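Here is the structure we will look at, set down as structure tokens.
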């Protein structure tokens, strides 16, 4: 039995460092024996969450599509940009909308790996604590280990892989742990 993992970055920017990291995560999950579905949140445009908008329209179609895709997966591998020592507005808005569909039932019981990439010295680490808190509130079990890639503008080779051998090993270990956790939670 294999674990199916949905992989995405909390950035819609074309040249996003976190999109690069998400691609690395996806490849490591596949190499570890899992199935990875790498998506771009730019393909799931949603309005900023607003209770009145939701009351008038229900969840947006893009949120419904993403929720249906998430339902087919056992876990998440997230590459989350850090904005002002927290998560990106895109990541937060995506999770807010997903939590509004059937009370967030599709998120509950999932496993998640949290990573970040940033040009800064901490690699986006501060935002991962906020992301963990949000996901725990939504019933997602996160791996205790995270990966924060500092100086990320220098961290990727031309082929998209991580330059640093230690970081490559960490990603591979975390991918394996995520698969094991997702399968354990799946029962």
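Tell me which residues, restricted to segment 36-53, are over 24 Å from residue 157 (Cα atoms) and buried (at least 16 other Cβ atoms within 10 Å of the Cβ). Answer for segment 36-53, where residues must be over 24 Å from residue 157 (Cα atoms) and buried (at least 16 other Cβ atoms within 10 Å of the Cβ): 44, 46, 49. When residue 178 is tested against the conditions (1) more than 21 Å from residue 23 (Cβ to Cβ); (2) assigned to a helix (DSSP H, G or I); (3) touching a residue at least 24 places away in the same chain (Cβ under 8 Å), the lone failure is (1). Of all residues in segment 1-34, those satisfying the criterion of being more than 18 Å from residue 107 (Cα to Cα), touching a strand residue (DSSP E or B) at 6+ places or on another chain (Cβ under 7 Å), at pLDDT 95 or above and not in a helix (DSSP H, G or I) are 16, 34.
Taking into account only those residues within segment 121-141 that are in a loop (DSSP other than H, G, I, E, B) and crowded, with 16+ Cβ neighbours inside 10 Å, which is nearest to the chain's Cα centre (by Cα)?
Ranking the qualifying residues of segment 121-141, first place goes to 140.
In segment 75-89, the qualifying residues are those that are under 19 Å from residue 39 (Cβ atoms) and surrounded by fewer than 24 Cβ atoms within 10 Å (Cβ to Cβ), and the one that is farthest from the chain's Cα centre (by Cα) is 89.
Regarding segment 85-100, can at least one residue be identified that is in a loop (DSSP other than H, G, I, E, B), out of contact with any helix residue (DSSP H, G or I) (no Cβ under 9 Å at 6 or more places or on another chain) and at pLDDT 95 or above? Can you show your working first?
Narrowing segment 85-100 to residues in a loop (DSSP other than H, G, I, E, B): 85, 88.
Applying the additional criterion that residues be out of contact with any helix residue (DSSP H, G or I) (no Cβ under 9 Å at 6 or more places or on another chain) yields none.
No, segment 85-100 contains no residue that is in a loop (DSSP other than H, G, I, E, B), out of contact with any helix residue (DSSP H, G or I) (no Cβ under 9 Å at 6 or more places or on another chain) and at pLDDT 95 or above.
Could you tell me whether residue 112 is touching a residue at least 40 places away in the same chain (Cβ under 8 Å), part of a strand (DSSP E or B) and surrounded by 19 or more Cβ atoms within 10 Å (Cβ to Cβ)? Yes, satisfied. Number of residues in segment 144-160 that are in a loop (DSSP other than H, G, I, E, B), touching a helix residue (DSSP H, G or I) at 6+ places or on another chain (Cβ under 9 Å) and loosely packed, with under 14 Cβ neighbours inside 10 Å equals 1.
The values are calculated or read from the model by the stated rules, or taken from the named source; none is laboratory data. For clarity, every value in this text was computed on a predicted model and none was experimentally measured. Here Cβ is always computed from backbone atoms with ideal geometry, including for glycine, and neighbour counts include all displayed protein chains.
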